Every structure is written in C-alpha cells, then in structure tokens.
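Student: Take a look at this one; I'll ask things after.
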Amino acid sequence: MDFGFSEQQRDVQTLARQILSDNVSPESLAQYDVYQADRFDRELWAKVAEAGLLGVAVGEEYGGMDFGFFELALLVEEAGRSIAPLPLISHLVSAALPIQQFGSAEQRQRWLPGVVSGETLLSAALTEPYNEDPTQPLLTTAVADGAGLRLSGDKTAVPFAHLADRIVVSAKMGDGVAVVLLDPKAAGVSLTPMQVTTYEPQFALSLDNVSIAAEDILAGPESGRALMQWLSERTAAALCAHQLGASDKAMRMTASYTAERKQFGVLISTFQAVGHRAANCFIDVECLRLNTYQAVSRLDGGLDATNEVHIAKIWAGDVGHRVSYAAQHLHGGTGIDRDYPLWRYCTWLRYNEMTLGSSAKTLANLGKRIAAGEAFCR
C-alpha cells in the first residue's frame, strides 16, 4: 500500500509552499507587529486566490478544484510554516466547508463562488467567554421570529469579524443548537477589538436581539449540534496542521542556527546536549505529523475521527510547547530578539496549543471517552 501523497496533493503542497515562501518574510510580517496594521496581506490573498488555492476543497460548480480536506490541510500546514497573514482556517475550514456540506443550494451558490475568488470573506464564532466547546453554546441563544430567528448573547475571539461578510454563529435554541450566517453589520451586533499575542485581528461579538432572515439559517435546532461537531473537528485538525507547519519551521530554523553558531570556537551543533535536544524536537514533530495526517485522512474519507482529532490536538499542544521551549533555549538570547523571526513562531505555537482547548483539557475529554468505552484503537 502506498502511504505517500497523491500527485494532486504534492502539487497543492508545492504550489502553496512556493507562493507563501516567496511572499512572506520577517520584513513583511513586521508591519503587523503590535497592531500597526490589520494582519491581513490582501495582495498575497489575491495571489492565493488566483492560483486557485482558496477553492482547493470547494466544488467545481462553484469555481473550485473539488479536492478534499487533506489537500486543504496541506495548504494550512504551509500557511503555518510561513505563519502567513491570511485567515485560511476561519475562512475555508470553519465557514466555507460547513456551507458546502450543510448549506442549501441557494446558500452555496450565494457564498462559495466568492470564497474561491477571494472577494467574499467568511469567519466563524466558535467560542464564548469561559466556554471553548463550539457544540454547546451557553451564552448565545436563539428564538423563533416568523420564518427567521433572533439571536442574543456573546462570542469571543472571532477572527477578522470586522472584515467578514458573514460569520458562522451557533446559538442555544431550546434543547438544540441553531447555526446561522450572521451579518456583522446587522443592527444589534457590536464588535469589540481584542488583543492577542499573534496580532491576528480578533473581536468579541455581542448580539442584542439580532434578526436573522430565513435564508441565513444554516441549520435548525434539530441538526445544528451535529453541524458544529463536524465543523469543530475539522477546525481542530486544521489547527494541528498549522501547528505542524510552524513546529517544523521552528525546528529547522533552530537546526540551521546551531550549525552556524560557535562557542569556544566550536559549532554548538556538535555538543551532545544540543544534539539530543534537537533530535527530540525532530521526533516530536514527526509524531505530530503522523497523528495529524491520521486525523485529517479519516476526516477526508468521511470516517469517524473524534478520537483521532483528540489525539492529534493533544500532540499539537505538547509538541508546540516543547519545540518552542527547546528552540528558544538552543538559540539563547537570539531567540527572543524581535529582530530575529523565531519569536513569532513561538507565539503562534502557544496560540494553537490553547485554541479550542489545551492539551490537558483535550486529554481529559479523551479520558472520558475511554471510560465510556467510546475510544479504542483502530
């Protein structure tokens, strides 16, 4: 059995790496530091769209390539490798994919062509204050209003909410969960800027009796929780792919540095302690790669992957933490120098570790599944 990438997967990976490596540099990223500007490279966005990569997992009838989630995850991995200033996960994974999977024909036709061309920007509100479970909204509620709905409540850490044309929002409705495509410019919607370590533009979203038209309802209360479970697993797997790219780059950056840095006239890469530390990073990254690809592959094939996503997310958090710590240690003072690019990777590694649940929280959830007989080796 061939466990390697298919030709189309290699093509997507190669194209994404070429475009992102050619257009993202420490100098270009510096312009977004400390919120000097929105961390969104519109010129690069246009180039990625022109190359067709925004449509990598979107159907041909909407202008996309009609590939699968695995190809999309490879694109996200390359974005992590360059920490490109693009909203790929929130736009493509958390919003466009569920519209394509669960949306009506009218919703798909209205939004997906713009997703592929880059003219439309989508986002998703997955967390609430003190609630990281996208499938169980507690603070956001929905009530029927004729054929539509009215939403009230709060969401937090919504990426690019100020630029989005629509935001995927879940709300508690009776015993179920409704999912809507929220217009952030609608009456009753308030956006409050948040400051995060990665400098990505994120907002707290406050809803005060916001009217949602029937055509913007993505799922009613009877099917919304299943949609959010589907969405959250793919978003978590995409975060693991991004973490994989960032961890791999930080590791290789560290290897290059230790191969050039001398102490007492000797390359520090020849020191046994340095070599062991770097080797542990390599093992960690490869384990993260295997677990991420396992989860992504099962999701791509439409198979149950809840356990695999949990395992990959645990690895993503632990590996990101260990690689970040080791990279800083082996770089010495250079690692925290803002004129050197490593610090940006370390902030993203920490951000990905904590998003949608830390390793400890995810491990606890996996433990509950094991205790309930819902987790086993396949």
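The values are calculated or read from the model by the stated rules, or taken from the named source; none is laboratory data. Note that the structure is a prediction, hence the values are computed from the model and not measured. Positions of Cβ are generated from backbone atoms using ideal geometry, with glycine treated the same way; all protein chains shown enter the neighbour counts. For accessibility, only protein heavy atoms count, side chains too; no ligands or nucleic acids. Shrake-Rupley method; radii C 1.70, N 1.55, O 1.52, S 1.80 Å.
Student: Counting only heavy atoms of the protein chains, get the accessible area per residue of the range 82-140 (1.4 Å probe) and round it to a whole Å² value.
Tutor: Per residue, the range 82-140 has 34 Å² of solvent-accessible surface.
Student: Cut-off 10 angstrom, C-alpha nodes, Gaussian network model of the chain. Which of Ala214, Ala237, Ala246 fluctuates the most?
Tutor: Highest fluctuation of the listed residues: Ala214.
Student: Just going by the charge dipole of the chain, with Lys and Arg at +1 and Asp and Glu at -1 on Cβ, which of Ile212, Gln202, Leu182 is farthest out on the positive end?
Tutor: Gln202
Student: Not counting the cut sites, what is the longest span of the chain without chymotrypsin sites (Phe, Trp or Tyr not before Pro) that DSSP labels loop and that have at most 14 other Cβ atoms within 10 Å?
Tutor: 131-263
Student: Taking square-rooted eigenvalues a ≥ b ≥ c of the alpha carbon gyration tensor, is the range 104-218 rounded, prolate or oblate, where a/c under 1.5 means rounded and, failing that, a/b exceeding b/c means prolate?
Tutor: Oblate shape, in that a/c is at least 1.5 and b/c is the bigger or equal ratio.
Student: Across the range 132-145, in residue order, what do the Karplus-derived ³J(HN,Hα) couplings come to in whole Hz, using 6.51 cos²θ - 1.76 cosθ + 1.60 with θ = phi - 60° and x for Gly and Pro?
Tutor: 9, 9, x, 7, 10, x, 10, 8, 10, 10, 10, 10, 5, 9
Student: Relative contact order of the chain: what whole-number percent is it, with Cα pairs under 8 angstrom and at least 6 residues apart?
Tutor: Rounded, it is 15 percent for the chain.
Student: Pop out the ³J(HN,Hα) list for the range 103-115 in order, Karplus 6.51 cos²θ - 1.76 cosθ + 1.60 with θ = phi - 60°, rounded to Hz; leave Gly and Pro as x.
Tutor: Ordered by residue, 3J(HN,Hα) equals x, 6, 4, 5, 5, 4, 5, 6, 10, 5, x, x, 4 Hz.
Student: So how tilted is helix 224-258 from the main axis of the chain? Cα-based, degrees 0 to 90, rounded to 10.
Tutor: That helix lies at roughly 20 degrees to the long axis.
Student: Now, a different point. Just the number, please: carbon plus sulfur as a percent of the accessible area of the range 171-280, 1.4 Å probe, no ligands or DNA/RNA counted.
Tutor: Result for the range 171-280: 53 percent of the exposed heavy-atom area is carbon or sulfur.
Student: Further question on the same structure: Taking the Cα centre of the range 79-171 as origin, sum charge times position over the Cβ atoms of Lys and Arg (+1) and Asp and Glu (-1), and report the length of that vector in debye to the nearest 20.
Tutor: My answer is approximately 220 debye.
Student: Pairs to check: Lys47/Lys313; Lys172/Lys368; Lys249/Lys361; Lys185/Lys249; Lys185/Lys361; Lys155/Lys368. Give those whose C-alpha atoms are more than 28 Å from each other in this structure.
Tutor: Lys47/Lys313; Lys185/Lys249; Lys185/Lys361
Student: Something else about it: Using a 1.4 Å probe on the protein chains only, how many percent of the accessible area of the range 61-158 belongs to carbon and sulfur?
Tutor: 52 percent
Student: Helix 7-23 versus the longest principal axis of the chain: what is the Cα-based angle in degrees, 0 to 90, to the nearest 10?
Tutor: Once rounded, the angle reads 80 degrees.
Student: Which loop-located GluC sites (Glu not before Pro) does the range 178-246 contain, where loop means any DSSP state but H, G, I, E or B and the Cβ has at most 13 other Cβ atoms within 10 Å?
Tutor: Answer by residue number: Glu222.
Student: Still on this structure, please answer the following. State whether the range 330-378 is rounded, prolate or oblate according to the following rule on the C-alpha gyration tensor (a ≥ b ≥ c being the square roots of its eigenvalues): a/c under 1.5 gives rounded; otherwise a/b larger than b/c gives prolate, and the remaining case gives oblate.
Tutor: Because a/c hits 1.5 or more and a/b exceeds b/c, the range 330-378 counts as prolate.
Student: Per-residue ellipticity at 222 nm for the chain, helices alone: DSSP H runs ≥ 4 residues times -39500 (n - 2.57), over residue total, nearest 500 deg cm²/dmol?
Tutor: -16000 deg cm²/dmol
Student: Can I ask one more? Please list, in order along the range 269-281, the HN-Hα scalar couplings obtained from phi with the Karplus expression 6.51 cos²θ - 1.76 cosθ + 1.60 (θ = phi - 60°), rounded to whole Hz, x for Gly and Pro.
Tutor: Per residue, the Karplus-derived 3J(HN,Hα) values read 5, 7, 6, 4, 4, 5, x, 5, 5, 5, 5, 4, 4 Hz.
Student: A follow-up question, please. Using a ≥ b ≥ c from the Cα gyration tensor of the range 87-161 (square roots of the eigenvalues), is it rounded, prolate or oblate, where a/c under 1.5 gives rounded and otherwise the larger of a/b and b/c decides, a/b for prolate?
Tutor: oblate
Student: Leaving out ligands and nucleic acids, note down the accessible area per residue over the range 231-378 with a 1.4 angstrom probe, in whole Å².
Tutor: Solvent-accessible surface per residue comes out at 47 Å².
Student: To the nearest 20 debye, what is the magnitude of the charge dipole of the chain about its Cα centre, counting +1 on the Cβ of each Lys and Arg and -1 on the Cβ of each Asp and Glu?
Tutor: 1100 debye
Student: For the chain, what is the percent of antiparallel DSSP beta bridges, rounded to the nearest 5?
Tutor: Antiparallel bridges make up about 85 percent of those DSSP assigns within the chain.
Student: For the range 1-85, build the charge dipole from Cβ charges (+1 Lys, Arg; -1 Asp, Glu) around the Cα centre, then report which of Gly52, Ser6, Leu20 sits farthest towards its positive end.
Tutor: Leu20
Student: For the range 124-269, give the magnitude of the charge dipole about the Cα centre (Cβ charges: +1 Lys/Arg, -1 Asp/Glu; no others), in debye to the nearest 20.
Tutor: Computed about the Cα centre, the dipole is about 680 debye.
Student: If you don't mind, there's one more thing I want to ask. Could you check how much of the accessible area of the range 282-378 is carbon and sulfur, as a whole percent, using a 1.4 Å probe?
Tutor: 61 percent
Student: Right, next: Where is the GNM fluctuation largest for the chain (alpha-carbon springs, 10 angstrom cutoff): Ala124, Ala161, Ala147?
Tutor: For the chain, modelled as a Gaussian network with Cα springs under 10 Å, the answer is Ala147.
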